[in-house]
Every structure is written in structure tokens, then in C-alpha cells.
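**Student:** Below: one structure in C-alpha cells.
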Amino acid sequence: MLGTVIAVAALVIGIMMYNALVRLRETADGAWADIDVQLKRRYDLIPNLVETVKGYASHEKETLERVVSARSASMGAQGPAAKAQAEGMLSGALKSLFALSEAYPDLQAAAGFRDLQGSLSEIEEHLSQARRYYNAVVRDYNTKTQTFPSVVIARSFGFSEREFFEAAEGEREAPRVSFSDDS
């Protein structure tokens with residue numbers, strides 16, 4: 001009788017741990033989907049931004065091409081680590097693009113450019129929040145998959161550690177912008 005009670009208790013505890021791991025995995029998937037939504041909004045905004053800048057600073061072709069190239073690389077990146085690295089390059093390219101507005105007062109004064117810049121800032125804030133939430137869920141999930149006794153259930157059913165979506169090295173540093181006068 002006591003053996004049956006212990007076996008049933010162990011089974012119930014195992015089921016509860018399994019369900020907790022599934023909930024955390026699904027929450028992490030949902031949090032990653034939120035990041036994808038914000039990145040898509042950002043990707044959709046960038047061509048409009050590039051076209052607006054091109055109208056005022058068409059001879060800044062290298063900067064514009066760098067933004068377009070970084071956007072393409074970021075859209076094609078797979079997984080949190082690769083996506084974070086590509087997003088770091090894109091953020092750097094966008095900073096260069098916004099630095100152009102300092103050199104072109106007409107661009108800085110253009111309502112369309114200011115609206116796009118404001119929209120991008122809003123998206124960046126939402127993206128930052130989504131990234132923090134995703135990383136918190138991944139931390140909880142990874143902790144659960146690595147601690148006893150849930151590690152036994154995690155290994156038995158193939159729950160594996162998740163990658164964090166971390167800022168690339170370039171995003172951690174303050175941007176350095178320099179406009180030399182070549183005239």
C-alpha cells in the first residue's frame with residue numbers, strides 16, 4: 001500500500017514537472033514570436049527611412065547601402081544568437097543613418113523623417129521590452145531544465161537549453177560618429 005502511494009506521488013510530481021517545462025517552453029516560444037513581430041515592424045519601416053534619406057542625401061550611398069545590407073542580413077539570421085549579432089550590425093547602421101540628419105538640416109527638419117525616426121524609436125523600445133521578457137522566460141526555463149529533480153524529466157523528454165537574445169558587443173558601446181570636412 002505504501003509503495004503504491006509513493007509511486008502515485010512520484011508520478012503526479014513527474015507530471016507536474018513535465019507540465020511546468022512545457023508551459024515555460026511555450027512561453028519562451030511566444031516571447032520569441034513577440035520579438036519577431038517587433039523586428040518585422042522595424043524591417044518594414046527601414047525602406048521608407050532609406051528612401052526619405054536618399055531624397056535629401058543621395059550621395060551618402062555607402063551609408064544607405066550599409067543599412068539595406070544589414071537589414072537583409074538580419075532578416076535572414078536564424079536563432080537568437082545569430083539574430084542578436086545581425087541586429088547589432090543593423091543598429092549600428094541605423095545610428096549612422098540618423099547621424100546624417102545632423103549633416104543635413106533639411107533632412108532633420110523634414111516631417112516625414114521625424115515621423116519615421118519617432119516610429120523607429122517606439123519600435124526599438126518595444127523590441128527592448130520584448131527582449132527583456134524573452135530573456136527572463138529563457139532564464140526561468142533554463143534554470144528549470146538544469147535543476148534537480150526537474151532535470152531528470154527534462155533530459156528524459158528532450159527539453160534542451162535555450163539561447164538568450166543578447167546585445168552584440170557593438171550595441172553595448174556608445175556610437176562614435178565623425179564627419180570630416182572633405183571640401
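**Student:** Name the one entry in 114, 131 that is surrounded by fewer than 18 Cβ atoms within 10 Å (Cβ to Cβ), basic (Lys, Arg) and assigned to a helix (DSSP H, G or I).
**Tutor:** Step by step, each of 114, 131 is checked, and only 114 is surrounded by fewer than 18 Cβ atoms within 10 Å (Cβ to Cβ), basic (Lys, Arg) and assigned to a helix (DSSP H, G or I).
**Student:** To continue, here is another question. Would you check if there is a residue in the range 169-180 being exposed (fewer than 12 other Cβ atoms within 10 Å of the Cβ), part of a helix (DSSP H, G or I), acidic (Asp, Glu) and at pLDDT below 95?
**Tutor:** yes
**Student:** Sticking with this structure for a sec: Quick check on my filter: what residues within the range 38-69 are within 18 Å of residue 109 (Cβ to Cβ) and acidic (Asp, Glu)?
**Tutor:** Those that are within 18 Å of residue 109 (Cβ to Cβ) and acidic (Asp, Glu): 51, 60.
**Student:** Let me ask another. Can you tell me which residue among 70, 81, 28 is part of a helix (DSSP H, G or I), buried (at least 19 other Cβ atoms within 10 Å of the Cβ), small (Gly, Ala, Ser) and touching a residue at least 60 places away in the same chain (Cβ under 8 Å)?
**Tutor:** 28
**Student:** Take the range 124-163 and flag every residue that is without any contact (Cβ under 8 Å) to a residue 24 or more places away in the chain and polar (S, T, N, Q).
**Tutor:** 128, 129, 142, 143, 146, 147, 156, 160
**Student:** Right, another one. Return yes or no: is residue 7 in contact (Cβ under 8 Å) with a residue 60 or more places away in the chain and either closer than 29 Å to residue 136 by Cα or part of a helix (DSSP H, G or I) (or both)?
**Tutor:** In short, no.
**Student:** In addition: If you take the residues in the range 84-107 that are surrounded by fewer than 18 Cβ atoms within 10 Å (Cβ to Cβ) and acidic (Asp, Glu), which one is nearest to residue 39 (Cα to Cα)?
**Tutor:** 102
The values are calculated or read from the model by the stated rules, or taken from the named source; none is laboratory data. The structure displayed is predicted, hence computed values, not measured ones. All Cβ positions, glycine included, derive from the backbone under ideal geometry; neighbour counts span all protein chains shown.
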